[in-house]
Each structure stands twice: as structure tokens, then as C-alpha cells.
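What follows is a short report on a single structure.
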Amino acid sequence: MAKGKPEKRMPEWVRDELEKAYHRIQNLTAARRLWDRVFTEKDRRRCGGTLAVAWTPETALTVGMYCTARGTAADRAVVEVAHALGFLTDRLRDDLLDALGEQPAERDPDKPHWDKQARELRFRGVVVRKVPKPASAKNVVRILDEFKDLGWPTRIDDPLTGGGKDDRRRRAVETLNSRMLSDTIRFACDGDGTGFLWRAKPRRQPKRRPSVSGVDRRGRRRPFADLPAMNRIMGT
């Protein structure tokens, strides 16, 4: 293989998937998306500060750029870049990393995850929205794509085309929310009509059972001031 491509011996299906992913990410368009939407300022500094310096044949193009920024091996870089740019589903990404003997990176459980290939929005480990027909839900897909590309900030600027029409934004939000499979997350238009928000439903706090021991919440011993009440709690 050429410089920057994975060199390990691996199952044929893994090699085939890596080859396909490799050829999809080694172009300048993919490199720009990675640079602008995935890399942090720290990543960019590690690569020389500009895309023109970072993305060259001598640095193995997109794969080499990612290896320099994140300190990964080439095969893992292919998988992670392809996944970050929407070319691999979550499941295929995890299967490939497992086949390569790599551990998948942990996701922030308190941020949604939009898997465009699988057409699923996940939150807190659960599928909360499916988009079975993306062609008929283009505005929904654009909103989810933008949130994902920007790392799920609480607010994004309106990514929809066709001008800043409030009714268009409202319809997009209504469509997105109307088919949610869970009430743990909701989307909304922002207050000034120029963007979108997402909000999570607070997690339920487990109910505290009354303490029946001689120790309070701070670990200090206390006398049994109300023995009859304690006996009722204990069922004695």
C-alpha cells in the first residue's frame, strides 16, 4: 500500500472496508471538512497551523494529517476520519476498530449522536428518532447534520436554504419533534428566529429511602430517637 495506508494483516472484509473508506477521505474536500468541522485549534497547531501545510503528499494527505493531530495509527485514522465525516455507521466503525484490536473512543453520554448512515438519532444510548426517508425529510437531516458537524452545541445558526422564514423553521422543528421515540430530547427555534436549539430532559433522580441505620448521611452515628417508627419501616 501507499504511504499512510494501513499495513496490518487483517480479514478481507476489514481490508475492503478500509480501502473504500481510505479513498473517500483522501481528497481535499474531505480534508477541508475535517479541518473546519472536526479538528480543534490544538489539532490544527499540531499540523502546522494551516491546511496548506498539513495536507500534502509528503504528510500522507488526510490520513497523515489526522495521525499527526491525534497521535493514532494509520488504520485507526482511516476509520475515525471516515466515521467523523459520515461515511461509516457507528456499528461498522466499532466492528472495524474491534477487528483491528482497537478500543472505540467513548462518546459523551449527555450529547446526542446522529448516525446519518443508519438514519438514527441516539441519546443516552437509546434511539430517539429515525429518519427512514431522508429525501423527504431534507430539512430535518440538514439540522441534524449541522448539529453533528459542530459537535452538538446547544444552539446552531439556521443551516436551511431558502431564506430566513419563520414558518419554515417552525415546520422543520415540528417535524423533527413529532416523531420522537422518547421525550428525553427536544428541538426548538431560538428566540430571535435565526437558529435552532436542542434541550435534554433532566435525568430522574432516584428516590432516597429513609435511613434506618444508626448512621446519618454524613456517616455520623445517631441515637434511635423513634424506635417504634423504625420498627414500622423494618416491618418488625
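Show the residue pairs meeting these rules: Cβ distance below 8 Å; 6+ apart or different chains; first residue within the range 184-203 and among the charged types (D, E, K, R); second residue part of a loop (DSSP other than H, G, I, E, B). Note: pairs meeting the criteria are Arg186/Met180; Arg186/Lys201; Arg199/Thr154; Lys201/Asp183; Lys201/Thr184.
For the range 150-161, the criterion of a residue being more than 16 Å from the chain's Cα centre (by Cα), hydrophobic (A, V, I, L, M, F, W, C) and closer than 26 Å to Val14 by Cβ is satisfied by no position. Scoring Gly86 on the criteria (1) crowded, with 17+ Cβ neighbours inside 10 Å; (2) within 25 Å of Gly125 (Cα to Cα) leaves a single failure, condition (1). The residues of the range 89-114 that are surrounded by 15 or more Cβ atoms within 10 Å (Cβ to Cβ) and in contact with a Pro (Cβ under 9 Å, 6 or more places away or on another chain), listed by number, are Asp90, Arg93, Asp94, Leu97, Ala99, Leu100. May I ask you to list the residues in the range 19-66 that are outside any helix (DSSP H, G or I) and over 19 Å from the mean Cα position of the chain (by Cα)? Gln26, Asn27, Cys47, Gly48, Gly49, Thr50, Trp55, Thr56, Ala60, listed by residue number. Close Cβ contacts (under 8 Å, 6 or more residues apart or on different chains) running from residues in the range 16-33 that are surrounded by 20 or more Cβ atoms within 10 Å (Cβ to Cβ) and basic (Lys, Arg) to residues that are modelled with pLDDT of 95 or more and assigned to a helix (DSSP H, G or I) are absent.
Among the candidates Asp43, Asp95, Asp16, the residue that is touching an Asp or Glu at 6+ places or on another chain (Cβ under 9 Å) and among the charged types (D, E, K, R) is uniquely Asp95.
Got a sec? Which of His83, His113 is under 13 Å from the mean Cα position of the chain (by Cα) and free of Cβ contacts under 8 Å to residues at least 12 places away in the same chain?
Of His83, His113, the one residue that is under 13 Å from the mean Cα position of the chain (by Cα) and free of Cβ contacts under 8 Å to residues at least 12 places away in the same chain is His83.
Is it fair to say Leu176 is more than 13 Å from the chain's Cα centre (by Cα), hydrophobic (A, V, I, L, M, F, W, C), buried (at least 16 other Cβ atoms within 10 Å of the Cβ) and at pLDDT 90 or above? When the stated conditions are applied, Leu176 passes them. Considering the range 115-155, the residues that are of a type in the set (Val, Ile, Thr) and within 20 Å of Ser178 (Cβ to Cβ) include one that is surrounded by the most Cβ atoms within 10 Å (Cβ to Cβ), namely Ile143. Can you find even one residue in the range 157-166 that is part of a helix (DSSP H, G or I) and either polar (S, T, N, Q) or in contact with a Cys (Cβ under 6 Å, 6 or more places away or on another chain) (or both)? Scanning the range 157-166, I find no residue that is part of a helix (DSSP H, G or I) and either polar (S, T, N, Q) or in contact with a Cys (Cβ under 6 Å, 6 or more places away or on another chain) (or both), so the answer is no. Within the range 122-156, the residues that satisfy the criterion of being under 17 Å from Val173 (Cβ atoms), without any contact (Cβ under 8 Å) to a residue 40 or more places away in the chain and outside any helix (DSSP H, G or I) are Val131, Ala137, Pro153.
Residues in the range 82-101 that are on the phi < 0 side of the Ramachandran plot, modelled with pLDDT of 85 or more and in a loop (DSSP other than H, G, I, E, B): 4 in all.
Determine whether Arg46 is surrounded by fewer than 17 Cβ atoms within 10 Å (Cβ to Cβ) and either under 19 Å from Lys116 (Cβ atoms) or in the same structural domain as Ala118 (by TED's automatic domain parsing) (or both). Criteria not met by Arg46.
For the range 56-69, state whether one or more residues are closer than 16 Å to Arg15 by Cα, buried (at least 17 other Cβ atoms within 10 Å of the Cβ), among the β-branched types (Val, Ile, Thr) and not assigned by TED's automatic domain parsing to the domain that holds Arg169. Checked against the condition, which is being closer than 16 Å to Arg15 by Cα, buried (at least 17 other Cβ atoms within 10 Å of the Cβ), among the β-branched types (Val, Ile, Thr) and not assigned by TED's automatic domain parsing to the domain that holds Arg169, the range 56-69 yields at least one hit.
The values are calculated or read from the model by the stated rules, or taken from the named source; none is laboratory data. Note that the structure is predicted; figures quoted are calculated from it, not measured. All Cβ positions, even for glycine, are placed from backbone atoms using ideal geometry, and neighbour counts span all protein chains on display.
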